[in-house]
Amino acid sequence: NYKKLTDTLAAIKTWLDQNPQEVVTLFFENYVDNDKLAGVINGVPGVANMILTKQIWDAKQHDQQWPAL
């Protein structure tokens, strides 16, 4: 049973709102245009604010490392 990405992201956001000490990591194999994917992500209120991107986290300032848990 397939679900829409927007529905899945909304469910994950709801769960994270209820479990603020938890972390979810998603890896996307992106077969669509980046702008289209960004549009889907931005279409789910609050999800974009939960995403750590390389634009937000400058690895050069952190010994080329992503943050650890």
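The values are calculated or read from the model by the stated rules, or taken from the named source; none is laboratory data. Remember, predicted model here, so these are calculated numbers, not experimental data. Neighbour counts run over all protein chains shown; Cβ positions are idealised from the backbone, glycine included. All accessible areas refer to the heavy atoms of the entire protein, side chains included, with ligands and DNA or RNA removed. Shrake-Rupley method; radii C 1.70, N 1.55, O 1.52, S 1.80 Å.
What to note about this one:
- Taking segment 25-55 as the range and being β-branched (Val, Ile, Thr) and either more than 23 Å from Ala68 (Cβ to Cβ) or in contact with a helix residue (DSSP H, G or I) (Cβ under 6 Å, 6 or more places away or on another chain) (or both) as the test, the residues that pass are Val32, Val40, Ile41, Val44, Val47.
- Filter result (more than 13 Å from the chain's Cα centre (by Cα) and of a type in the set (A, V, I, L, M, F, W, C)) within segment 1-41: Trp15, Val32
- Among (1) more than 10 Å from the chain's Cα centre (by Cα); (2) open to solvent by less than 60 Å² (accessible area, probe 1.4 Å); (3) modelled with pLDDT under 90 - the single one Val44 does not satisfy: (3)
- The number of residues in segment 25-42 that are assigned to a loop (DSSP other than H, G, I, E, B) and of a type in the set (D, E, K, R) comes to 2.
- Residue match in segment 43-63 (condition: assigned to a loop (DSSP other than H, G, I, E, B) and in contact (Cβ under 8 Å) with a residue 40 or more places away in the chain): no
- Selected residue (criterion: nearest to Gly46 (Cα to Cα)) from residues of segment 4-20 that are among the charged types (D, E, K, R) and open to solvent by 60 Å² or more (accessible area, probe 1.4 Å): Asp17
- If you go through segment 1-24 and keep only what is modelled with pLDDT of 90 or more and outside any helix (DSSP H, G or I), you end up with Lys4, Asn19, Pro20, Gln21, Glu22, Val23, Val24.
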